[in-house]
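First up is the structure itself, then whatever we jot down about it.
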Amino acid sequence: MSAKTPAAARPIRHTHRRSQLRGKGWKSVWRNWELYLFVLPTMAYIIVFHYVPLYGLQIAFRDYSPSLGIWNSPWVGLEHLRRFFDSYYFWALIRNTLGISLYELAVGFPIPILIALSLNELRGGVFKKWVQTVTYAPHFISVVVMSGMIIAFLAPGTGLINLVVKAFGGEPLPFLTEPGWFKTVFVLSGVWQSMGWGTIIYLAALAGIDPQQHEAAMIDGASRIRRIWHINLPGIMPTMVILLILNVGNFMSVGFEKVFLLQNPLNLEASDVISTYVYRIGLVQGQFSFSAAIGLFNAVINFILLLTVNRLAKRLNETSLW
């Protein structure tokens, strides 16, 4: 009987402990109600605009008709996905989307790191502030204005770049009408616009490195290159891993606005990506179920890539999003 008493009392103790923890949790919420009130609009925005629309994902598996509504539209299962996989555009869209994303990751990811490491070695002055201003200012330019600038700068007859080319005796280059130039124009202009923001993030991470490590390394005779390699790079490695995971999480989501604004019938062979195809099929041609299925496929691939890279980063570097 004495041996059964603790076992019988154990659920009561657990229930009492859970109730105590629940009471402490509500007391903490009430004590910090201003902070929760501050977060409430953001949570409401995410729920209303990101979670509630998930209800409409089922049209990807239906032959949706606006007159019938979602529930009354016939169920077709994976028919739209099979149609997309068998279509002529499938491999072209995958090739363009992956090509732009890989190009952007290979060029755009290391450049802010190099700029941040270089600026960190400067000891202040006008030049450092000037470089920071020049690299960060394009971040505030909207996508529409940026696309207009690109079109104006690269115009065959009056564009600044082609005027320089002609000044050196060359022929004007068809940057926006030749498919072979599209990926380079898109990626390099994106790097120019975003590298300043990435540089600021890495500079903040470099500011958190203990200066005593550099002092000890200098006493031991370490050169500046060795201190960058063995102190600065390991110090910002967690930030690099987190940003890499976030970039890979958006790997299949090439920016629709900029691609759409720079796209024309002459460069469509290289500029047609999944997001622009979804727009053209869904909103222009009215094939809502087909476009929803393609968008769902794209989101699932992004989600799988995010989980995979996050797990690999956690296993190899012990740094991850969760």
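The values are calculated or read from the model by the stated rules, or taken from the named source; none is laboratory data. If you're wondering where the values come from, they're calculated on a predicted model, not measured in any experiment. Positions of Cβ are generated from backbone atoms using ideal geometry, with glycine treated the same way; all protein chains shown enter the neighbour counts.
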Item to check | Scope the stretch 72-92; condition in contact (Cβ under 8 Å) with a residue 60 or more places away in the chain, in a helix (DSSP H, G or I) and farther than 16 Å from residue 300 by Cα; matching residues | outcome: 83, 89, 92
Checklist entry - Considering only the stretch 165-183, how many residues are part of a helix (DSSP H, G or I) and surrounded by 11 or more Cβ atoms within 10 Å (Cβ to Cβ)? => result 7
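Every residue, every condition in (1) closer than 29 Å to residue 141 by Cα; (2) surrounded by fewer than 17 Cβ atoms within 10 Å (Cβ to Cβ); (3) modelled with pLDDT of 90 or more, yes or no:
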site	(1), (2), (3)
220	no, yes, no
229	no, yes, yes
240	yes, no, yes
246	yes, yes, no
261	yes, yes, yes
264	yes, yes, yes
281	no, no, yes
292	no, no, yes
295	yes, no, yes
Next on the checklist: Can you go through 65, 101 and tell me which one is farther than 29 Å from residue 249 by Cβ and either part of a helix (DSSP H, G or I) or not hydrophobic (A, V, I, L, M, F, W, C) (or both)?
Outcome noted: 65
Checklist entry - Which condition number does residue 128 fail, the rest of (1) closer than 27 Å to residue 270 by Cα; (2) surrounded by 13 or more Cβ atoms within 10 Å (Cβ to Cβ); (3) in contact with a helix residue (DSSP H, G or I) (Cβ under 8 Å, 6 or more places away or on another chain) being met? => result (1)
Checklist outcome for this item: Those residues of the stretch 212-237 which are under 23 Å from residue 319 (Cβ atoms) and under 32 Å from the mean Cα position of the chain (by Cα) amount to 227, 228, 229, 230, 231, 232, 233, 234, 235, 236, 237
Checklist entry - Quick one: what pairs do we get from the stretch 298-318, first residue basic (Lys, Arg), second surrounded by 14 or more Cβ atoms within 10 Å (Cβ to Cβ), C-beta under 9 Å, 6+ apart or different chains? => result 311/320; 314/320; 314/321
Checklist entry - Which residues, taken from the stretch 109-136, are among the small types (Gly, Ala, Ser) and modelled with pLDDT of 90 or more? => result 116, 118
Next on the checklist: If a residue must be part of a loop (DSSP other than H, G, I, E, B), of a type outside the set (A, V, I, L, M, F, W, C) and over 20 Å from residue 228 (Cβ atoms), how many such residues does the stretch 120-155 contain?
Outcome noted: 1
Next on the checklist: Looking only at the stretch 36-60, how many residues end up being of a type in the set (S, T, N, Q) and either closer than 19 Å to residue 295 by Cα or not in a helix (DSSP H, G or I) (or both)?
Outcome noted: 1
Checklist entry - Taking the stretch 131-158 on its own, how many of its residues are among the polar types (S, T, N, Q), within 27 Å of residue 114 (Cα to Cα) and loosely packed, with under 12 Cβ neighbours inside 10 Å? => result 2
Next on the checklist: residue 79 - would you say it is over 30 Å from residue 242 (Cβ atoms) and either loosely packed, with under 13 Cβ neighbours inside 10 Å or in contact with a Leu (Cβ under 7 Å, 6 or more places away or on another chain) (or both)?
Outcome noted: no
Checklist outcome for this item: Going through the stretch 140-159 in order, the residues found to be touching a helix residue (DSSP H, G or I) at 6+ places or on another chain (Cβ under 8 Å), over 13 Å from residue 174 (Cα atoms) and not small (Gly, Ala, Ser) are 141, 143, 144, 146
